[in-house]
Amino acid sequence: MSDTTGTERLPGRNRRRFPGISSRAYEHPSDRSALVALRKLSGFDSVFKALSGLVTERSLRLLFLANSVRVNDEQFAHLNSMLRDACYILDLEKVPPMYVSQDPNPNAMCIGLDAPVIVLTTGLVELLDEEEMRTVIGHEVGHALSGHAVYRTILLFLTNLALKVAWIPLGNMAIMAIVTALREWFRKSELSADRAGLLVGQDLQASLRGLMKLAGGNHLHEMNVDSFLAQAEEYESGGDIRDSVLKIMNVLPRSHPFVAVRAAELKKWAESRDYQRIVDGHYDRREDDKQTSVSDSFKQSADHYTESFKNSKDPLMGLVRDIAGGAGDLGGKLRDTFTGRSSGGSGGDDNGGGSNGSSGSGGTA
């Protein structure tokens with residue numbers, strides 16, 4: 001199975017194993033800070049297990065058992081092998097049950113607080129090749145290791161509650177404000193799980209191909225990973241402030257980030273020092289989870305958002321940087337942005353805001 005260096009030997013290539021790895025090692029900073037805080041809450045387990053019962057988690061388990069195919073050595077044996085490999089690589093001691101459910105829509109999910117269950121749809125099984133599927137199963141095992149079902153459980157509970165109290169003035173608004181914050185955490189948890197999938201598959205191209213197929217279907221000969229990533233770049237930096245506002249409105253109700261954005265985020269992480277340190281065997285250990293500081297985790301999250309803000313190519317973020325930096329003629333910038341005009345002749349008094357200003361209004365031409 002493995003040698004003394006922690007490398008698992010598989011047909012054709014070697015893959016590294018990560019004994020005792022903590023989910024904190026691969027979690028997105030925002031996801032990590034939320035989870036660390038939740039784990040520190042007194043009575044955390046009992047409260048959320050009770051919530052789990054309220055959203056018919058037990059019913060879902062029975063439904064999958066009765067109406068789906070359970071993966072084992074006799075059924076979907078190749079998927080069972082991938083599941084065991086994923087748990088072995090991430091050192092998840094208890095292998096969660098996995099089911100294949102008849103559904104043409106490609107999808108996968110991990111549900112359950114106490115005993116996670118992984119579900120793959122037939123649409124997904126038929127869409128992906130072996131290496132792409134390995135990353136998806138690693139993605140779901142990453143969800144299980146992190147305990148991300150907490151988000152899903154609370155979201156389901158609060159969404160149902162919002163429907164019941166919609167008649168109470170401001171009651172629904174208060175709950176939906178919490179739901180919006182939870183969705184932001186949930187979206188970041190998907191980025192975390194994508195990273196776990198890469199740690200399991202250890203093939204960045206396979207991870208990116210799988211995400212691209214989720215967007216464009218089983219037409220790999222008609223698609224190109226580099227062009228797909230260029231789409232993400234265009235989405236992040238193109239357009240004007242109106243487009244930036246539309247992006248925010250489009251993503252708010254979603255539980256998952258857009259697929260092209262996920263691909264770009266994963267590639268960025270794969271090229272980072274954090275990823276290389278994990279591959280080299282330097283990562284946070286599960287045995288240290290209890291000593292993790294909530295304040296340190298939130299600081300890391302804040303630092304991440306600060307860095308993202310500074311480096312963002314989004315036009316709205318460029319305008320906000322201009323405001324924070326005291327850029328001149330702000331009224332003119334806003335007028336030109338929303339009327340689609342270019343302020344060609346008045347660039348002399350921008351006082352250093354030229355690059356940011358051009359990124360804020362360049363898409364209006």
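The values are calculated or read from the model by the stated rules, or taken from the named source; none is laboratory data. This is a predicted model, so every value here is computed, not measured. Protein only, heavy atoms only, side chains kept; ligands, DNA and RNA dropped before computing areas. Shrake-Rupley method; radii C 1.70, N 1.55, O 1.52, S 1.80 Å.
When the residues of segment 272-289 are filtered to those that are within 17 Å of the chain's Cα centre (by Cα) and not aromatic (Phe, Trp, Tyr), which remaining residue is nearest to Ser207 (Cα to Cα)? Only one residue tops the list, namely Ser272. Quick check on segment 177-195: of everything there that is at pLDDT 85 or above and polar (S, T, N, Q), which residue is nearest to Asp31 (Cα to Cα)? The qualifying residue nearest to Asp31 (Cα to Cα) is Ser189.
Whether a residue is open to solvent by less than 50 Å² (accessible area, probe 1.4 Å) and modelled with pLDDT under 95 was assessed, and Ser244 passes this test.
Taking the residues in segment 221-241 that are modelled with pLDDT of 70 or more and open to solvent by less than 60 Å² (accessible area, probe 1.4 Å) as candidates, determine which candidate is farthest from Glu184 (Cα to Cα). Explain how you work it out, then say what you get.
Residues of segment 221-241 that are modelled with pLDDT of 70 or more, as a first pass: 221-237.
After this cut, where a residue has to be open to solvent by less than 60 Å² (accessible area, probe 1.4 Å) as well, the list is 223, 225, 228-230, 232, 237.
Numbers: Met223: 30, Val225: 27, Phe228: 24, Leu229: 23, Ala230: 24, Ala232: 19, Ser237: 21 Å.
It comes out as Met223.
The set of residues in segment 266-287 being part of a helix (DSSP H, G or I) and open to solvent by 70 Å² or more (accessible area, probe 1.4 Å) consists of Lys268, Arg273, Asp274, Gln276, Arg277, Arg286, Glu287. Being among the small types (Gly, Ala, Ser) and either modelled with pLDDT of 95 or more or not in a loop (DSSP other than H, G, I, E, B) (or both) holds for only one residue in Ala115, Ala86, and it is Ala86.
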